[in-house]
Amino acid sequence: MSATIAYVRVSTDDQTTSAQGHAIESRYKVNRWFSDEATSGAIKAKDRAGFSQLLSYVREGDTVVVYAIDRMGRNTIDVLETVEALQSKGVAVLSIREGFDLSTPMGKAMLTMLAAMAELERSNIKERQLAGLERARAEGKNLGREKVIDDEAVAQWRQENSASIKATADHFGISTASVKRACKAVA
């Protein structure tokens with residue numbers, strides 16, 4: 001007996017899968033749900049816990065429904081390999097937003113184009129981020145978190161107490177790596 005299986009994914013902790021789930025439930029009677037939360041699409045589908053479970057679960061004749069193809073991944077090759085892995089098991093893949101069945105020749109052609117566009121957009125976003133960082137550096141802006149550790153105080157306390165790196169880290173409530181950086185900066 002074939003089943004309809006839904007897969008939902010969000011990239012960050014502050015996002016939820018509810019909108020994707022609602023869109024899928026409004027069109028399909030789902031027999032089983034799989035999800036990955038706070039999981040980047042840049043991580044290969046087979047390496048995501050939820051999707052890996054889905055791959056183990058699906059059987060010939062099943063249909064996997066996703067809200068959008070970018071929920072499967074952002075890398076063209078990974079998305080294509082994932083769809084091919086499902087199709088080799090006799091599983092159909094449907095994408096609601098794009099509105100096509102990825103198991104048909106037309107669906108596969110559309111998938112290839114959409115996955116390439118998603119990958120292009122991801123690289124464009126990355127380029128814009130890097131350009132923004134370069135501009136901020138050129139304007140003399142400090143990037144990253146503000147330094148809160150007083151390197152001199154850390155190094156001095158460690159020396160005065162003949163303390164280990166671990167003991168110093170515990171005393172200041174910082175990591176051992178931070179202690180090492182502080183001591184190296186003062187030396």
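The requirement of being loosely packed, with under 11 Cβ neighbours inside 10 Å, acidic (Asp, Glu), within 26 Å of the chain's Cα centre (by Cα) and under 22 Å from residue 40 (Cα atoms) is satisfied by residue 127. Taking every residue in region 160-187 that is over 17 Å from residue 147 (Cβ atoms) and of a type in the set (A, V, I, L, M) and pairing it with any residue that is open to solvent by 80 Å² or more (accessible area, probe 1.4 Å) and part of a helix (DSSP H, G or I), at least 6 positions away or on another chain, the pairs with Cβ-Cβ distances below 8 Å are 163/171; 165/180. Evaluating residue 14 against the criteria (1) over 20 Å from residue 88 (Cα atoms); (2) touching a residue at least 12 places away in the same chain (Cβ under 8 Å); (3) out of contact with any Phe, Trp or Tyr (no Cβ under 8 Å at 6 or more places or on another chain) leaves one unmet condition, (2). Screening residue 126 with (1) at pLDDT 90 or above; (2) within 30 Å of residue 67 (Cβ to Cβ); (3) not β-branched (Val, Ile, Thr) gives one miss only, at (1). Each residue in region 138-187 was checked for being of a type in the set (A, V, I, L, M, F, W, C), touching a helix residue (DSSP H, G or I) at 6+ places or on another chain (Cβ under 9 Å) and either in a loop (DSSP other than H, G, I, E, B) or open to solvent by 100 Å² or more (accessible area, probe 1.4 Å) (or both), and 5 pass.
Within region 84-100, does at least one residue satisfy the condition of being within 26 Å of residue 12 (Cβ to Cβ), open to solvent by less than 60 Å² (accessible area, probe 1.4 Å) and among the polar types (S, T, N, Q)? Yes, because at least one residue in region 84-100 is within 26 Å of residue 12 (Cβ to Cβ), open to solvent by less than 60 Å² (accessible area, probe 1.4 Å) and among the polar types (S, T, N, Q).
The values are calculated or read from the model by the stated rules, or taken from the named source; none is laboratory data. Owing to the predicted nature of the structure, the values given are computational and were not obtained by experimental measurement. Reconstructed Cβ throughout: ideal geometry from the backbone, glycine too, with neighbour counts over all protein chains shown. The area values use the complete protein model at the heavy-atom level, side chains included, leaving out ligands, DNA and RNA. Shrake-Rupley method; radii C 1.70, N 1.55, O 1.52, S 1.80 Å.
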